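The values are calculated or read from the model by the stated rules, or taken from the named source; none is laboratory data. These numbers were taken from a predicted model, which means no experiment stands behind them. Cβ sites come from the backbone with ideal geometry, for glycine too, and all protein chains shown count toward neighbours.
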Amino acid sequence: MIKRTLGAALAATVLAFSAPAADAADYTIDSGHSFVQFKISHIGVSWMIGTFETVSGSFTYDSEAGPEGQSITVEIDTASVDTNHAERDKHLRSADFLNVDEFPTATFVSSGYEGDAEGGVMTGDLTLHGVTKAIAIDVKKVGEGKDPWGGYRAGFEGAVTITRKDYGMGYNLGPSSESMELFLFIEGTRN
Amino acid sequence: MWRSGKDHYGLVAIGFHWTIAVAFTGLVGLGAWMVGLTYYDPWYNDSLALHKAIGIVVLALALAKFGWKLADRKPGFGPEVRAYERAGATATHWILGALLVVLPVTGYLISTSEGAGIDVFGLFEVPAFFDVTAGTRDLAIHLHYYLAYGGIALVGIHAGAAFKHTFIDKGSTLIRMLIPRSRSNSVDQPEK
């Protein structure tokens, strides 16, 4: 009798600890609803917007867990760059810029987070064009909740400014186009 | 005069040959030059627009040339061209003819892969007819590159052979492609 109660209590304790740690907080990035975009000046007169169409990865989001409980890994297929202009995309894929044959994947792997459940700063390593640098992305939660198809989703947006030549892509596009903004719109389905 | 004869080329065949020769060679040169231009070169955008427009014109010229060739009489090789040289020459002509279609088509597929058409000198636009996948596009990029430089090497062989048959073999191969008249055996020497 005592043995059985102890066993049940133990099982309940294990469930209580394991459930939020593994299931509730781990998300897989939904490639169909995630976008990595960049915005760069066009000779100072306007903006050029580009998108990486193929984005994948996973993240852990636990609104109860505090800063240590949040992390993300994003993988970007560099050949999926699209700026709505065939020859420009060809140039962007070439060795002058992304060199997609040699560096087919760009990644962001978070290392820390400061902020609350609604937003903050996500630090981590961005590997782009074979160069890894620490960056700090301003992030904001967009929303979370049940989707109409039986799953649970959460979405975030992030923005960071990077300098092209830091990543070995210093091809001269003019003084106003040396840095560019990266925008990440990441949606995940809870595992 | 306009049509070819048994032993000479007509003015139309000669016109097609040299127009396409100049345009094709020019396109390869233009392509090699333009890919090295930097962002701030005045020709950075215009060179590509010109390359695409001329490419469409060459495709149209090549198709018209093939059509004309079907209807035209076919002058045989001159007596100075040996049997094995005839086989090589025929193969070269066929490959060059195929390149006149394959190169513009691969270029077209690259340029229209995002859905934009090709503007031809502001006169009209060739729309993007096909939905080009990334794999097809990358194949087209590689084909366009290697076939263009391979093609120009073949043009060199073709021209070298014409010179050989004209100056070494003392034939009329090159003269025939310049003068649209039957000149029997009296024109074996090139005009200086």
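Things worth noting here:
- If you go through segment A:57-104 and keep only what is within 11 Å of chain B (Cβ to nearest Cβ), among the hydroxyl-bearing types (Ser, Thr, Tyr) and within 19 Å of residue A:186 (Cα to Cα), you end up with just A:80.
- At least 1 residues being surrounded by 15 or more Cβ atoms within 10 Å (Cβ to Cβ) and in contact with a Leu (Cβ under 9 Å, 6 or more places away or on another chain) is the threshold, and among the helices (runs of 4 or more DSSP H) wholly inside segment B:77-192 those reaching it are B:83-111, B:134-163.
- Within segment A:138-163, tally of residues that are more than 20 Å from residue A:47 (Cβ to Cβ) and assigned to a strand (DSSP E or B): 13
- Condition met for residue A:109 (surrounded by 15 or more Cβ atoms within 10 Å (Cβ to Cβ), more than 14 Å from chain B (Cβ to nearest Cβ), out of contact with any His (no Cβ under 8 Å at 6 or more places or on another chain) and in contact (Cβ under 8 Å) with a residue 60 or more places away in the chain): no
- Looking only at segment A:44-53, and only at residues there that are modelled with pLDDT of 95 or more and not small (Gly, Ala, Ser), the one that is nearest to residue A:189 (Cα to Cα): A:52
- Close contacts from segment A:164-179, counting a first residue that is at the interface with another protein chain (Cβ under 9 Å from one of its Cβ atoms) and assigned to a loop (DSSP other than H, G, I, E, B) and a second that is hydrophobic (A, V, I, L, M, F, W, C) and surrounded by fewer than 16 Cβ atoms within 10 Å (Cβ to Cβ), with Cβ to Cβ under 6 Å and a gap of 6+ residues or different chains, come to A:174/A:43.
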